[in-house]
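What follows is calculated from the coordinates using simple rules that are stated; it is not laboratory data. In this text, all values refer to a predicted model and were calculated from it rather than measured experimentally. In this analysis, Cβ positions are derived from the backbone assuming ideal geometry, glycine residues included, and neighbour counts consider all displayed protein chains.
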Amino acid sequence: MDFSWFPHYLPMIIYGIWLTLNLLVISLVIGFILAVPIGLVQVTGPRWLKWIAAGFCTVIRGTPLLVQLWLLYYGLGSFFPQIPWIRQSFLWPVLREGFFYAGLAFTLSFAGYEGAIMKGAFLSVPKGELEAARAFGMSPWTVLRRIWLPRAFRIVLPTLGGEVILQLKATPIAATVTVIELYGASYQIRQDTYRVYEPLLMVAIIYLALTYVITRAFNYIERQVPQRR
Amino acid sequence: MFFAVTNWELLWLWKGTLFSGALSTIEISFLAYLFGLTLGLGGAMGKITGGKYLKSVLEVYTTLIRSLPELLLIVMLYYLGTDTLNRILQGLGYEAMRINGFTAAVVVLGFVMGAYATEVLRGAIQAIPVGQIEAAKAYGMSPFLRFRRIILPAMLPYAIPGMSNLWLNITKDSALVAVVGYSELTLQTKQAAGTTKAYFTFFCAAALLYLIISLVSLRLFGELERYVRRGQPKLG
C-alpha cells in the first residue's frame, strides 16, 4: 500500500466530492419536483396524461441508467452541434459539458423512480381526509397544497433516505462521460500513478462515509416530523 | 430529424450485432443471477443459523457491498479477482493467464448480487411461521428434507417479489460490465453507434431491447408468483 500520491491529488479528490454532491443534490431536487406531478397525474389526471406519465416511469425503470446517459450524451450531444442557433446561444458552454448530460440523466432517472413511488403515496392517503377537506369547501388546489401533498410526502419520507443512497451509488456512472467526480478522480489517479487498489480503496471509504452521513441525516429529519401512531 | 429512413436501414444492417449483444446480456445476467442466488441462500442460512463469527463476516459482506456504488465494486472486484487468481497461479508455478471476460463478469455481478439476495432470502425465511419449521422438526425430518419440503415452498411467496427486483436490477447492472470492456448489449451498441455515427438511433434501439427484457421478465415473474401462491388464501 502506497499513499504517497495522496497530498498531490487531494485538490482533485475534494473537487470530485464537490461534483458528486452537486450531481446528487441537483438530480434529487429537480427530480423530486418533477416526480410530484408525475405521480399526481397517474392518480387523478386525464387518461392521456396518465399514459404518458406511466410510460415515462416504465421506460426509466426498465432500462439501464448507463444506456440513458449514453443516449443523451452521445445522441443529443452529437445532435446539438448541428443546429447553428444552439451553437451560438449562451447555453452552448453548458451543453458542451458531460456534467450537463449526467445531471439531466440522473434527474430524469430520479423523477421516474420517485414518480412511481409518489403515485403510491398519493393513493395511500386516506380517502376520508380528502373528502373532509372538500367538505370544508377547499378548492382542488388547496386540497393538494394543504392536505394531499403534505400527507403523501410524510408517507414517502421513510423511504426517501434509501432512494437518496441509491442515487448516490448511481453517480459514478458520470465518469464515463468525462465528468471527473469522485470515482472519476480515482480513475484519473490510477491512470497517472499506475496504482490500482489504493485510489479505489480511498474512494470506497469516502462513499461509505457519505452513505453514513446521509443515513444519519435522514434519521434526524424523520425524528423531527411529528407522527401519531 | 432523429429517425430518417436511412436510420432504419442502418438498424436492419446491424441487427445481428444488437441481438447478439442482447443475448450475451441475458446470458451474463442469468448465470450471475443463479450464482448470486446461491450465495444469497448460503448467506441467508448462515445469518440465521450460523455462529457468531460467521454471522459477523456475513454482516460485513452485506453491509459493505450494499453501501458501495455498483460501478466501483465491479471495477474493483474485476481487477482484484483477476489479479489474485494470477498471483495464485504464479505462486503454484503456472503461467499467468488472461481471464475470460465472460466468467469475470458473471462472478463479479453474482458476488455483488449475493449481498442483496442474502437480505431478500433472509427476510423471506424469517417470515415463515416458526411453528411450521418446528412441526417439521417434530416429524423427524432431516435438515435437507425440511428445507426442501417446508422452508423452500413456504418462503417463495415472500421471496418472489424481491427476487423479481433482483433480476431486473441485474439485467440493468450488467450494462456496467461495458465499462470494464466486456462486450454485451451496451458496449456492442456503443461500438455500432460509433462506427455509423447514428448514436441516437442505436441507443434508442438498445433501450428498447432492455425494456423488452424487463417487461417480459416482469410478466414471467408475475406468473411465477401466482404459481407459488396457489395454496394461499387470496387477499382482498
I'm told B:Gly93 meets every condition in (1) farther than 30 Å from B:Phe202 by Cβ; (2) among the small types (Gly, Ala, Ser); (3) in contact (Cβ under 8 Å) with a residue 24 or more places away in the chain except one. Can you identify the failing condition by its number?
(3)
Just one of A:Val43, A:Val67 is within 24 Å of A:Leu166 (Cβ to Cβ), surrounded by 17 or more Cβ atoms within 10 Å (Cβ to Cβ) and free of Cβ contacts under 8 Å to residues at least 60 places away in the same chain; which is it?
A:Val67
Would you check if A:Ala170 is within 20 Å of B:Leu71 (Cα to Cα), touching a residue at least 40 places away in the same chain (Cβ under 8 Å) and more than 12 Å from every other protein chain (Cβ to nearest Cβ)?
no
Quick check, is A:Arg145 within 30 Å of A:Trp18 (Cβ to Cβ), charged (D, E, K, R) and surrounded by fewer than 20 Cβ atoms within 10 Å (Cβ to Cβ)?
no
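Yes/no matrix, rows are residues, columns are (1) of a type in the set (Phe, Trp, Tyr); (2) in contact with a Leu (Cβ under 8 Å, 6 or more places away or on another chain):
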{"position": "B:Gly16", "(1), (2)": "no, no"}
{"position": "B:Leu34", "(1), (2)": "no, no"}
{"position": "B:Gly43", "(1), (2)": "no, yes"}
{"position": "B:Tyr78", "(1), (2)": "yes, no"}
{"position": "B:Ala104", "(1), (2)": "no, no"}
Test result for A:Glu181, more than 9 Å from chain B (Cβ to nearest Cβ), under 17 Å from the mean Cα position of the chain (by Cα), charged (D, E, K, R) and closer than 17 Å to A:Ile13 by Cα
yes
B:Arg230: more than 10 Å from every other protein chain (Cβ to nearest Cβ), over 30 Å from A:Tyr73 (Cα atoms) and part of a helix (DSSP H, G or I), yes or no?
no
